[in-house]
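Only one structure is covered here, and it is reproduced in the block below.
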């Protein structure tokens, strides 16, 4: 909850983390740095790689070296790690871009913003609640999606921050659902090819995955519409 006297936004970790979808890192930093003191440290990173997925992969192998139990165990661990990373790279390059390309057609180009993810971290006391609202409003007016990172408390944030976060999470959820459906379809098809000797072509199976993919599109577009309405209110 913002401090009643200073308007500062406290954080248990003494920092405030945000994610912006769309725009360039330089544009976003210019917008943010105009609202904070010049001596405040801003950490930023823009990437199209799914950092959340990478963190989960890292968690799977956390402590693996210490618990390998010898040279053989260490070799096995690194082989498994290599296989997982190769599979992730193939998924990130092939499935990811194919799905984003398809979603782009159904979102008027909005899905492309998902490729330009900018992660920002600033000291929690560097932004007042009013300045945070201004920053989010500027992102919306510039056609970007903006949200606080996972784990941040939305309940006492300015209204535009809450609504922007909601629109962004819905937009992101739709994309994640479409990616999950496409990934499962690929896994089922590859498994069927090796175990059954052919691709799975049953109509009901394909229709089920198609409908699930369309649900993902509908969720994504809901987020796009909500962001557009918020941006219209900010203009």
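Determine whether the stretch 139-151 contains at least one residue that is in a helix (DSSP H, G or I) and either touching a strand residue (DSSP E or B) at 6+ places or on another chain (Cβ under 6 Å) or over 23 Å from residue 17 (Cα atoms) (or both). Within the stretch 139-151, one or more residues are in a helix (DSSP H, G or I) and either touching a strand residue (DSSP E or B) at 6+ places or on another chain (Cβ under 6 Å) or over 23 Å from residue 17 (Cα atoms) (or both). Checking the structure you have, find out if any residue of the stretch 153-168 is at pLDDT 95 or above, out of contact with any helix residue (DSSP H, G or I) (no Cβ under 6 Å at 6 or more places or on another chain), buried (at least 16 other Cβ atoms within 10 Å of the Cβ) and over 25 Å from residue 15 (Cα atoms). No.
Failed condition for residue 144, given (1) over 19 Å from residue 102 (Cα atoms); (2) surrounded by fewer than 21 Cβ atoms within 10 Å (Cβ to Cβ), with all others met? Every listed condition holds for residue 144 apart from (2). Within the stretch 163-174, restricting attention to residues that are free of Cβ contacts under 8 Å to residues at least 60 places away in the same chain and touching a strand residue (DSSP E or B) at 6+ places or on another chain (Cβ under 7 Å), the residue that is nearest to residue 217 (Cα to Cα) is 169. Given the structure, is residue 46 in contact with a strand residue (DSSP E or B) (Cβ under 6 Å, 6 or more places away or on another chain), assigned to a helix (DSSP H, G or I) and modelled with pLDDT of 80 or more? No.
Of everything in the stretch 93-134 that is over 16 Å from residue 172 (Cα atoms) and under 19 Å from the mean Cα position of the chain (by Cα), the residue that is modelled with the lowest pLDDT is 93.
Considering only residues in the stretch 175-198 that are without any contact (Cβ under 8 Å) to a residue 60 or more places away in the chain and surrounded by 14 or more Cβ atoms within 10 Å (Cβ to Cβ), the one that is farthest from the chain's Cα centre (by Cα) turns out to be 192.
A Cβ distance below 7 Å, combined with a sequence gap of six or more or placement on separate chains, defines the contacts here; from the stretch 81-103, residues that are touching a residue at least 40 places away in the same chain (Cβ under 8 Å) and at negative phi reach residues that are surrounded by 12 or more Cβ atoms within 10 Å (Cβ to Cβ) and not in a helix (DSSP H, G or I) in the pairs 92/49; 92/50.
Only one entry in 122, 99 is surrounded by 18 or more Cβ atoms within 10 Å (Cβ to Cβ) and outside any helix (DSSP H, G or I), namely 122.
In summary, residue 31 fulfils each of the numbered conditions (1) modelled with pLDDT of 90 or more; (2) touching a helix residue (DSSP H, G or I) at 6+ places or on another chain (Cβ under 7 Å); (3) assigned to a helix (DSSP H, G or I); (4) under 30 Å from residue 186 (Cα atoms) with the single exception of condition (4). Going by what's in this entry, would residue 134 be described as surrounded by fewer than 20 Cβ atoms within 10 Å (Cβ to Cβ) and either without any contact (Cβ under 8 Å) to a residue 40 or more places away in the chain or within 23 Å of residue 181 (Cβ to Cβ) (or both)? When the stated conditions are applied, residue 134 does not pass them. Here residue 201 clears all of (1) part of a helix (DSSP H, G or I); (2) out of contact with any helix residue (DSSP H, G or I) (no Cβ under 8 Å at 6 or more places or on another chain); (3) more than 30 Å from residue 41 (Cβ to Cβ) except the condition numbered (1).
The values are calculated or read from the model by the stated rules, or taken from the named source; none is laboratory data. Keep in mind it's a predicted model, so treat the numbers as computed, not measured. Glycine also receives a Cβ, built like all others from the backbone with ideal geometry; neighbour counts cover every protein chain displayed.
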